[in-house]
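For reference, the structure is listed below as structure tokens.
The values are calculated or read from the model by the stated rules, or taken from the named source; none is laboratory data. Everything quoted here is computed from the prediction, not taken from an experiment. In this analysis, Cβ positions are derived from the backbone assuming ideal geometry, glycine residues included, and neighbour counts consider all displayed protein chains.
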């Protein structure tokens, strides 16, 4: 590991140089190359740009404004003040190493670097890098989940007040053309539809953004186009967020590979603008439409047929199965099969109030609420097991879960797929079984707690959701405790160090 | 470098002082007597101002008052050994070795290199220990002159 540092002090004759020497010596003692730029009274020789480029992290041991700080933009850093570096240089080196390992990117003051910071440490092990690529995608996706999900939930809330108990069903049926041509500012239902449609559009970006920024983490800017395109294709062929994970990695490595081709000078100029996006998008398109798309479509058809053949048998078992499908990929193809199965059942005419079709709808809705609610519960009950981004996302997941927006759990599942999916599978499955057992029936296709007035035996319905939520949250806590996430640990190490360092920095 | 950083008459081996201000003043008087500081009171005020910004005590019993001042004629170091100790605000207790660094305000960069080299040496435990072990002014001045070489 290599570090660069800047030291300075008010007088510029003593501490500046003591800090520099102390950091260099402390680095040498643990085998870390530290280059220090002394911005003191005896003039300062700027660090060689190559040394800065090679450095993994930056130490600011400066009591004065760091000159030309934008040279270090985007690198992990610690800011400790000069005195700390003189008194405890080994501690400062350790904090810098922790920051590098955590990959805390420097906030870019004045934004001289336009690119968003990636959090990927190129020297880390394969497992860590895969996780960091995933986290890059997830962290850019989270605001879309929050904005889109909350808009949709608000749409349902407004619809319930404006349109009564059937409003939540009707709001999803209002076409976009109505908003364009006949929007009535005094109509609550129009406002509800506006919120719902805007949220739905924001939601449409979810998988493309995930895929695009995973590719960005891998290949930098050249990865963006194939990543976004791949994510959008994944949505188009119904491969959902699991498909988006695949396209993110596929696009990233494709773009990285193409960008390393040795090409004639004349072509080099158009590589990033034309050649890389063109070729990589086309290849991603072929793979998704021709290679992966068909198997996913057959999978969906097969599952649908299978479900239809099952519906006559034990209903509790069917509930558990549908619940597991809802919890498996959170808005992806398998989830969609279960949901479509339920919604198409609603269209059957002349059903009794407690027909199996309505009970299936209630089952699917309850199970779809479990995962986001469980993630919200787990991330607030055991903060130490979740990254800062996940804790923030957990707060939004409460509302998303209550509104039957399973996608609220995707940021958690994308960051740590198997632990979250296994937990969600079990909890949602239990919920599905319970709903069938208590006999709740539901004729609204969406809405979560906002359509509670339409659900028969609402108490049983809520109880089923709560049980599944607690089971999933408990499982995810147990699984995450068994093998702590290194990113979370590094974040906490840095938090603790900064808590110690900051008050002492003068 | 026309004027050496330190000479034996800038070393006091047995300083007794009630506080850091008094200890600093004794060293300033040495610099003034050697003609390196033109206005002892004025320079003391500059050192106090620096000390007020941030205590200069370092772990290992070191006090490091210093200032750039218009009253200084050449980069200079005065050293005081304080057997009884005097507090310089270090986290681990009073200082037994006090370095007073005087830098001219108008000194150009090359001129100040010697002080940068001194500061870098001060970080090394072996350097500090050899000064603590030295018993007389001539030895202290000789060690510093030998060890502190501008890079």
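The residue list A:332, A:345, A:368 contains one member that is at pLDDT below 80, under 24 Å from residue A:415 (Cα atoms) and in contact with a helix residue (DSSP H, G or I) (Cβ under 6 Å, 6 or more places away or on another chain), which is A:332.
Out of all the residues in the stretch A:59-66, is one or more more than 14 Å from chain B (Cβ to nearest Cβ), at negative phi and modelled with pLDDT of 85 or more? Yes. When residue B:93 is tested against (1) under 21 Å from residue B:115 (Cα atoms); (2) within 14 Å of chain A (Cβ to nearest Cβ), exactly one condition is not met: (1).
Checking each residue in the stretch A:1-52 for being within 7 Å of another protein chain (Cβ to nearest Cβ), in contact (Cβ under 8 Å) with a residue 40 or more places away in the chain and not in a helix (DSSP H, G or I) picks out only A:10. Take residue B:80 and decide whether it is more than 11 Å from chain A (Cβ to nearest Cβ) and more than 16 Å from the chain's Cα centre (by Cα). For residue B:80, the condition - more than 11 Å from chain A (Cβ to nearest Cβ) and more than 16 Å from the chain's Cα centre (by Cα) - is not met.
Every listed requirement among (1) farther than 29 Å from residue A:234 by Cα; (2) touching a residue at least 40 places away in the same chain (Cβ under 8 Å) is met by residue A:153 save one, (1).
Residues in the stretch A:67-99 that are more than 14 Å from every other protein chain (Cβ to nearest Cβ), farther than 19 Å from residue A:492 by Cα and either surrounded by 23 or more Cβ atoms within 10 Å (Cβ to Cβ) or in contact with a helix residue (DSSP H, G or I) (Cβ under 8 Å, 6 or more places away or on another chain) (or both): 2 in all.
Does the stretch A:266-281 contain at least one residue that is outside any helix (DSSP H, G or I) and at pLDDT 85 or above?
Kept after step one, since they are outside any helix (DSSP H, G or I), are these residues of the stretch A:266-281: A:269-270.
Imposing the further condition that a residue be at pLDDT 85 or above reduces the set to none.
Checked against the condition, which is being outside any helix (DSSP H, G or I) and at pLDDT 85 or above, the stretch A:266-281 yields no hits at all.
Of the residues making up the stretch B:118-125, not a single one is on the phi < 0 side of the Ramachandran plot and away from chain A (no Cβ under 13 Å). Filtering the stretch B:29-41 to residues that are surrounded by 19 or more Cβ atoms within 10 Å (Cβ to Cβ) and closer than 16 Å to residue B:137 by Cα leaves B:30, B:31.
Criterion first (away from every other protein chain (no Cβ under 14 Å), surrounded by fewer than 19 Cβ atoms within 10 Å (Cβ to Cβ) and assigned to a loop (DSSP other than H, G, I, E, B)) does residue B:18 satisfy it?
yes
Identification of helices (runs of 4 or more DSSP H) wholly contained in the stretch A:132-237 with 1 or more residues that are surrounded by 19 or more Cβ atoms within 10 Å (Cβ to Cβ) yields A:167-171, A:188-204, A:206-219, A:224-236.
Please determine whether any residue of the stretch A:403-425 is over 29 Å from residue A:204 (Cβ atoms), modelled with pLDDT under 90 and in contact with a helix residue (DSSP H, G or I) (Cβ under 8 Å, 6 or more places away or on another chain). No, the conditions are met nowhere in the stretch A:403-425. Quick check on my filter: what residues within the stretch B:69-119 are in a helix (DSSP H, G or I) and in contact (Cβ under 8 Å) with a residue 24 or more places away in the chain? Listed by number, the residues that qualify are B:111, B:112, B:113, B:114, B:115, B:116, B:117, B:118.
Taken together, B:139, B:145 contain a single residue that is free of Cβ contacts under 8 Å to residues at least 40 places away in the same chain and either in a loop (DSSP other than H, G, I, E, B) or surrounded by fewer than 18 Cβ atoms within 10 Å (Cβ to Cβ) (or both), which is B:139.
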